[in-house]
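Take a look at the structure below.
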Amino acid sequence: MAGKPAEKEVGWVSQPIVSIPSVTKKSQQGKFRHMQKVALPLGAGILFILLWQLQAFHTILGLRTYQLPLPSSIVEATFENIDILISYMGYTLSEAVLGMFLGSFLGFVLALIATAFPKWGKGGLLVVVALNAVPIVALAPIMNLWFGDGIGSRVAIVTVVTMAAMAINAHKGITNVNPLALDLMHSYAAKKFDVFRYLRVANSLPYVFTALKINTTASMIGAIVGEFFFSSKGLGYLVSNSVKVAKMPLGWACIVMAAIVGILFYLIIEGLEKIFLKWHSSERT
């Protein structure tokens, strides 16, 4: 009858079946863990800013407020110069994005060549790693001489900075293939191109996105440092000029804007990774 719990016969005794809401408990635990992941970093950040505002770090490090501006001064400088900050931020971001994708593309192509021609390819990887070891301070004047003092020189700097991470990671992903999967493809008489496309390239995608996430921060660093030397626009240029004329709150406002853009850039790549790697075991778990 309606309203009565279902019964199950165990021996000669009828006992009601009691359903345990295990799914609900798991969902509640998942929500609690998610709240912990968000609350702990947020609380730590608020505590850090509060100690900064109360000049705790100034006391510990023996600094003056003109050396390390207070967060309230940085926020005030941000709102006073929001138009120029957004404009220069867009300029720096365009340099970083163009250079990162160009460098990542060239690094992936180099990884493909290194896999197809192992004898010559490993030498090419060593050259890229050696080129990446060149300091940006030494690289910036060379790129300015080659590409002029426009946006092209900073794009070239970011390209060089981001190429090595992609080449090394992509090459590892292409070559580090499960032997059982390779034997399965051979048992199906798959052609070399099909093995390369459906097995090796697919296996390299997690490594590729790892390199892209590394390059999001490296590209912003390369673009900003490149603007220190030869530029008339951008966050790096504004930071350099602000320090020269002792406008430290404005300089720190540029740093905050660059950090926010870098975080958003990273989150975009991470979101794309979740979309394109739904099949991977790391995303399923």
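The values are calculated or read from the model by the stated rules, or taken from the named source; none is laboratory data. Nothing here was measured: the structure is a model prediction, and the numbers come from that model. All Cβ positions, glycine included, derive from the backbone under ideal geometry; neighbour counts span all protein chains shown.
Against the condition under 19 Å from Asn132 (Cβ atoms) and aliphatic (A, V, I, L, M), how does Leu199 come out, does it pass?
Working: under 19 Å from Asn132 (Cβ atoms): no; aliphatic (A, V, I, L, M): yes.
Against the criterion (under 19 Å from Asn132 (Cβ atoms) and aliphatic (A, V, I, L, M)), Leu199 does not qualify.
Given segment 158-237, what helices (runs of 4 or more DSSP H) lie entirely inside it while holding 3 or more residues that are buried (at least 22 other Cβ atoms within 10 Å of the Cβ) and either on the phi > 0 side of the Ramachandran plot or not charged (D, E, K, R) (or both)? Break it down into steps so the answer makes sense when it comes.
Numbers: elements: 179-187, 192-195, 202-229.
Passing ranges, in order: 202-229.
State which residue pairs qualify: first residue at negative phi and inside segment 58-87, second residue among the hydroxyl-bearing types (Ser, Thr, Tyr) and surrounded by fewer than 15 Cβ atoms within 10 Å (Cβ to Cβ) in any location, beta carbons under 8 Å apart, and separation of 6 or more residues or different chains.
Within 8 Å, the pairs are His58/Thr65; Ser73/Thr65.
Taking segment 129-155 as the search range and keeping residues that are touching a Gly at 6+ places or on another chain (Cβ under 7 Å) and among the hydrophobic types (A, V, I, L, M, F, W, C), which one is surrounded by the fewest Cβ atoms within 10 Å (Cβ to Cβ)? Spell out how you get there, then give the answer.
Step one: of segment 129-155, the residues touching a Gly at 6+ places or on another chain (Cβ under 7 Å) are 136, 140, 153-155.
With among the hydrophobic types (A, V, I, L, M, F, W, C) added as a condition, the list becomes 136, 140, 155.
Details: Ile136: 19, Ala140: 22, Val155: 26.
Within segment 129-155, the match that is surrounded by the fewest Cβ atoms within 10 Å (Cβ to Cβ) is Ile136.
Output the residue which, of all residues in segment 101-156 that are at pLDDT below 80 and among the basic types (Lys, Arg), is nearest to the chain's Cα centre (by Cα).
Lys122
Within the set of pairs 6+ apart or on separate chains, which have a first residue in segment 212-235 that is over 18 Å from Leu272 (Cβ atoms), a second that is of a type in the set (S, T, N, Q) and at pLDDT 85 or above, and C-beta atoms under 7 Å apart?
Ala223/Thr92; Ile224/Thr92; Gly226/Ser153; Glu227/Thr92; Phe228/Ser240; Phe230/Ser153; Gly234/Thr92; Leu235/Thr92
Within segment 242-259, is there a residue that is among the small types (Gly, Ala, Ser), under 14 Å from the mean Cα position of the chain (by Cα) and under 23 Å from Asn144 (Cβ atoms)?
We begin by selecting, within segment 242-259, every residue among the small types (Gly, Ala, Ser); these are 242, 246, 251, 253, 258-259.
When the remaining residues are screened for being under 14 Å from the mean Cα position of the chain (by Cα), the result is 258-259.
Checking which are under 23 Å from Asn144 (Cβ atoms) leaves us with 258.
Scanning segment 242-259 turns up at least one residue that is among the small types (Gly, Ala, Ser), under 14 Å from the mean Cα position of the chain (by Cα) and under 23 Å from Asn144 (Cβ atoms).
Any idea which of Thr59, Thr115 is assigned by TED's automatic domain parsing to the domain that holds Phe230 and either among the polar types (S, T, N, Q) or closer than 20 Å to Cys254 by Cα (or both)?
Values: Thr59 fails: assigned by TED's automatic domain parsing to the domain that holds Phe230.
Only one candidate qualifies: Thr115.
Spot the failing condition for Val75; the list is (1) under 17 Å from Cys254 (Cα atoms); (2) crowded, with 19+ Cβ neighbours inside 10 Å, and only one is missed.
Failing condition for Val75: (2).
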